[in-house]
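Step one of this worksheet: look at the structure below.
Quick note: the coordinates plus some simple rules give every number you see, no bench work behind them. Everything numeric in this text was worked out from a predicted model, so none of it was measured. Note: ideal-geometry Cβ built from the backbone for every residue, glycine included; neighbour counts use all protein chains shown.
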Amino acid sequence: MLRSMTGFGAGLSETEDYRVAIEVKAVNQRYLDLDIRAPHVLDAFAEAIKAKVKEYASRGKLTVSVQFMDKRERVQEIRLDKPLAIAYHKALNEISDLLRLTRPDNVQMIATYPGVLTTMETQDGLEGAEPVLMEALDEAMRRFTAMREKEGENLKSDFLKRIDILSGQVEEVSTLGPEIVRQYRERLEATVKEALAGAEIDEARIIQEAAIYSDRVNFTEEIVRLRSHFEQFRSILEHAEEPVGRKLDFLIQEMNREVNTTASKANNVHAARLAVDMKSEIEKLREQVQNIE
């Protein structure tokens, strides 16, 4: 199924221990560019997150935003810096001896000095967090993909409409070949008659020159290739089971080249006007293909 590169999806998973909310959004990018925004506590799961995202997307600039809550009870732990406490006590005793004051034996006073006592929260590791994280991410990526597929269907309809327009224009151009040669022969005869001022015209030479010109302006091969490109384009749209943006982009480049060659060979006002119209439609295709994965 055809997929747009732009999209959004959100997922939520929660247990007694953890709560994970994830949002995924993407914009156009030639290659896959991942920006994972998650708390540092989840750094160990960065590769797992990347691997999961790559199961769903191969192109685009994706931003994955993760909100993580650890609901488990935390244990408060008080740590004593023994060397620092001893150093404080020793310094205070030296001050006492120096100033002939009472020795400071108040433990509570020493405990209040900076760094002697510190409070820390301790908890177990993040066992069990990864399944919750992956469940939320999987849900977000599924919704993200569904949105991209819906937009892809809209783009597909637009593509097919424009390919039909191009096909009609190409068929119109294909009918101009005989008329272009006939007009050239008439101009050639008129020019020769004027130059010879009533003398007898070599009809065989006129026919020969017209045949040479007909071969030079023959754009049948280009028309055949354009028809082939259109059919390939339609087939890719109908049978897209993998990212096809690059394939479609290549075909569009080939279409543009064939139209330019056709216009150059035809050397005809009507053909030139049709070529301009075709190039306009091809440019619209090219712009839209930039949105396809």
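In nm, what is the difference between 0.36 nm times the number of residues separating residue 241 and residue 165 and their Cα-Cα distance? Display every interim value, and only then the final one.
Numbers: separation 76, 0.36 × 76 = 27.36 nm, distance 2.56 nm.
Between residue 241 and residue 165, full extension yields an extra 24.8 nm.
Sticking with the crude label model, points 7 Å out along Cα→Cβ, report the distance from residue 91 to residue 174 in nm, one decimal please.
About 9.5 nm separates the two model spin labels.
For segment 75-122, what ratio Rg/Rh do Cα atoms give with a Kirkwood hydrodynamic radius?
A ratio of 1.11.
Give me the distance in nm between label points sitting 7 Å out from Cα along the Cα-to-Cβ direction at residue 234 and residue 82, one decimal.
Computed distance between label sites residue 234 and residue 82 equals 8.5 nm.
Can you sort 173, 20, 27 from fewest to most other Cβ atoms within 10 Å of each residue's own Cβ?
27, 173, 20
Computed on alpha carbon atoms, what radius of gyration and Dmax characterise segment 1-72, expressed in Å?
13.2, 43
Placing unit charges on C-beta atoms (Lys and Arg positive, Asp and Glu negative, everything else neutral), compute the dipole magnitude of segment 75-122 about its Cα centre in debye, rounded to 20.
Magnitude of the dipole: close to 160 debye.
To the nearest 0.05, how large is the calculated FRET efficiency for residue 290 and residue 142 if R₀ is 30 Å and r is the Cβ-Cβ distance?
Calculated transfer efficiency: 0.75.
I need 250, 230 ordered by Cβ neighbour count within 10 Å, fewest first. It would help to have the intermediate numbers written out before the result.
Values: 250 13, 230 17.
Listing 250, 230 from fewest to most nearby Cβ atoms yields 250, 230.
To make sure I understand, if each residue's beta carbon is the centre and we count other beta carbons within 10 Å, what order do 239, 270, 229 fall in, fewest to most?
With the fewest neighbours first, 239, 270, 229 line up as 239, 270, 229.
Show me the ranking of peptides 254-265, 62-73 by mean Cβ neighbours inside 10 Å, starting with the highest. Walk me through the numbers on the way to the answer.
Working: 254-265: 18.9, 62-73: 15.7.
With the highest mean Cβ count within 10 Å placed first, the list reads 254-265, 62-73.
Quick one: go through segment 48-78 and flag any residue whose amide nitrogen is under 18 Å from the point 7 Å out along the Cα-to-Cβ line of residue 16.
Output list for this probe position: 69-75.
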